Structure formats: structure tokens, C-alpha cells
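A short worksheet on the structure shown next.
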Amino acid sequence: MRVRFWGTRGSIATPGPGTTYFGGNTSCVELTTNNDDLLIFDCGTGAHRLAAELMARGDKSISANILLGHTHWDHIQGFPFFSPAFVKGNSVAIYGPQGSRGSLHDVLAGQMEFTYFPVELNQLPAAITYHELTEGIHTIGGARVAAQFLNHPAMTLGYRVEADGVAVVYLVDHEPFSDELWRGGAELGRIESILHEGDRRHAKFMADADLVIHDAQYTPEEYGAKKTWGHSTYDYVVQIGAAAGVRQVALTHHDPSHDDHFVADIERKARALALQHGTDLDVFCAYEGCELVLEPHSTLKPFVAENPFQASVAQRRFRVLVVDDQPELLAIVVRALEDHYIVSQATSGPEALRMIDEHMPDLVVLDYKMTDMDGLAVMKTLRAKPQTAKLPVLMLTAMTDEPSTRAGFEAGVTDYVTKPFSIPQLTARVRVCLARTPVP
Ligand SMILES: [Zn+2]
Ligand SMILES: [Zn+2]
């Protein structure tokens, strides 16, 4: 298998003398299997030069599979310049997460409307197909591809491609689920010791991979001011990659304000951190033109999906109950969700339990600290009853500390979202919880 980086920049293309080494084009990575299956992760501005190279190879027809993590601009802006789509006889299969606003086709057509671009999407002569994915295992080209949601203020998928006896995992536009990676008192550096269920799932998804390509847009010093923007730091990636037994990590989605010196410094620090943790994790900062040839080094351990349901969220109408004793916050959350779901509200634990008894929701968004009965007590009652033992609960709280997070998961919450949160982040997390509920 061959992997080549065509775009390593996050947010906005950043050409210029300061970025000539690591590159200024936005996200695009080419993966070619030994059977010549072509998979392309994201279609940022880097896709333009990849497209030119594909055309220059002079193949009779090009068959490309484009795997979009999500449709933020820096991940799709190169698509109108993907020249193989302008040639009859070529085929382009586009994959992306279901549950964004509008279909994949409509979102891509939007940036090619006549106001923005001279050729409309439906005028492209190649055979273009659209595939909206949810979590689970898919076959793309001849490769086994697992998809799992990331933590980003938009529905965003990470991809794990297994082919040729190796696993390559693409996790771009993702933010840690919790400030604290490790559970207090647990042995550091093990997947089981990860505090937040979301981070643990993320680690399992990359477990034993030969190569992980991971968002590392910010330094730990910058991250505080950029929380909820949906990006990671190198120390998170190094720690979680080492715990997951990953062989090699490429840090990418470099911040537009980071020049080559700055990114090189991140690389040095990330390597020092890996050494300090006593792992043999090979970490580097991805640069444009970087090409890796991956050979199998041990038996590939195929990823086993935790969630076998692969529920489609598009055709279902979900009921969500929001519970909070602060009226302002309750109103904000209800307003954010009621465009998409049937939303009811309760202002106390006892009222919530009564409402659940009367009408079972698909998800409860539950405040932690409430007067008279707090969120943990509500959880205890829910989990003790067979009807509500598995009812998905998203805890929404200002309690960001390790003991509170641990108490939440020990009480059986499905997800744990901390304030301050952004509305797009909350709606994405709610949708992920719902996508993981079994189809009735
Ligand atoms: Zn991005
Ligand atoms: Zn994004």
C-alpha cells in the first residue's frame, strides 16, 4: 500500500515562503492499494495537484473513491478542481457522513453553484455516485473500511482502511472528548485507563494501526483558547496513539498561523514526548509530497465495530427529553434540538422520571447538578429499571473534573459533554448518540 500527502494544512490554504516545507494546501491524502484501488481522504486544495498527477499517468479510465470526513470547506474546496471528474468514462464515488445538513450531493453542488464556480456539479461528465455512510464496516474498492464518528462541531467520520495486510486510519478534524485523558489512579498508557468513553472508543478505533493520520492543529498552550473548535493537540495524539499500540503517526491539519519553523518545533516536541513515554511510536508532521510505502509487519488485527446497528438517522423521527433546572440553559438546548427532533423538557429529576415513565424518549439530555435530585440520582433510578436500563443519556454539565466525569460514566451515561459547549458540537454529539441507538 502506498500513501501520499497532497494537502496537510487545516482551515485555509496557506501558500507562501513560510510554508514551503510542510505545505500550504488543505487536507488531501492519496491511498493506493496493491490492487490499484484508489482511495482519497478529503478533497481540500491538495486535490488539485493529485488530480493533475492522476491525469498525467495517462490511464484509460480513472476510478476514484473520495472519502470525506466532513464537508467543511477546507475538506471539499479542491473538488471543483478534481479534473478526472471532467472526463467521460471516469468514475468518482464520493463517501461522507450521513446527517449533515442536506445530502452529500446537495452540499457539494452548493459550492459549485454558478455564483461561485462556472461548471455545475450535475454538468460533470464522469460517472459520479454519492454514498452517505454511518458508523460500521463498509467495502470501498477492494478495501475493508471502518467508519466511526469523531468529535467535531459537524457530523464527521474517521476512516480505518484495512487492505494489503496493513491498517491506515484517517482521523482529521477531531478534538479530545475530555480535558483529562486518564482515569485517576489507573495505570497510565493503557486503553482501559482512558477516562472518557469517547476517547477510549477513539483509541480502540486506531488500535494496532500501521499508520494513523491525525489532526494536531494546536499546541497544548493554544488549545485553551480554541476549545470546542474541534481540533487536537500533539500531546493528546501521542498519548492516545501510544496507548493504542499504533506504529506510526502523521500529525496533520497544521494551523494556518504555524510556519515551517513552528511545525518543525511541534514535531520535535511530539517526538520527545513519545520518547518520554517510553514507546516506540514513530511520530512526524506530515508534509506535502511525503510518500510512505506500507508493508505488513505483523498479522493485521481487523477492527471489530462496537456498535453493530448502523442505524440510519435520516429516516427516523427521534424524541429527545431535555432536563435542566436552569431555565436559560434549558431554553438554549431545546431551541438547538427542536429543528431536528421532537423535544420535550423537564426542570427537575422527579419530573423527568415521571415523563419517561409516561412516554419513553430515544435520548435524554441530562444536567448533572440540579437541586433536590441530581443527574447521578436520576441515572441510578433509570439504570435500575429494565425498561430504561439502556436508555441513551447524554450528560451536559459544567463539571469538567476527573472525579465527576468518572462518576458520570460509572453511573452509566452514554456521553458526557462539558460546558462551555457550542451548539454545533452539542447537536453533533446528540446525533451520534441517536445514530448508535438500535433500530426498533
Ligand atoms: Zn478542517
Ligand atoms: Zn472541520
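No value in this document is a laboratory result; all are computed from the given coordinates. Please read all numbers here as calculations on a predicted model, not as lab measurements. Neighbour counts are summed over all protein chains in view; Cβ atoms, including those assigned to glycine, are modelled from backbone coordinates with ideal geometry.
General remarks:
- Value at 222 nm in deg cm²/dmol, rounded to 500, when DSSP H runs of n ≥ 4 in the chain each add -39,500 (n - 2.57): -7500 deg cm²/dmol
- Largest-first principal axis extents of the Cα set of the chain (Å): 70, 52, 41
- Chain lengthening between Ala305 and His105 when straightened (0.36 nm per residue, less Cα-Cα): 69.3 nm
- Applying 0.36 nm per residue to the separation of Glu113 and Glu53 and subtracting their alpha-carbon distance, the gain on full extension is 19.0 nm.
- Label zone at Ser61 (point 7 Å along Cα-to-Cβ), backbone N below 12 Å, region 88-120: 88-92
- Across region 349-363, the residues whose backbone nitrogen lies under 20 Å from the label position 7 Å along the beta-carbon direction of Arg317 are 356, 358-363.
- Label-to-label distance, His261 versus Thr139, with points set 7 angstrom from Cα along the beta-carbon direction: 5.3 nm.
- The angle separating the long axis of helix 423-435 from the principal Cα axis of greatest extent in the chain is about 80 degrees.
- The string of couplings for region 354-365 from the Karplus curve (6.51, -1.76, 1.60, θ = phi - 60°) is 4, 5, 5, 4, 6, 8, 5, x, 8, 7, 10, 9 Hz, one whole number per residue in order, with x for Gly and Pro.
- Available extension along the chain between Asp179 and Lys369 is 66.5 nm, counting 0.36 nm per residue and deducting the alpha carbon span.
- Spin-label pair Glu222/Glu338, simplified geometry with 7 Å Cα→Cβ offset, distance in nm: 3.9 nm
- Take the Cα of Gln123, go 7 Å toward its beta carbon, and the backbone nitrogen atoms of region 63-84 under 16 Å from that spot belong to 80-83.
- Distance in nm between pseudo-label sites at Glu328 and Arg268 (7 Å out along the Cβ direction from Cα): 4.6 nm
- Over all other residues within a Cβ to Cβ distance under 12 Å of Pro403, the charged ones net out to -2, with Lys and Arg as +1 and Asp and Glu as -1.
- Anisotropy class assigned to region 315-389 is oblate, per the alpha carbon gyration tensor with a/c at or over the 1.5 cut-off and a/b no larger than b/c.
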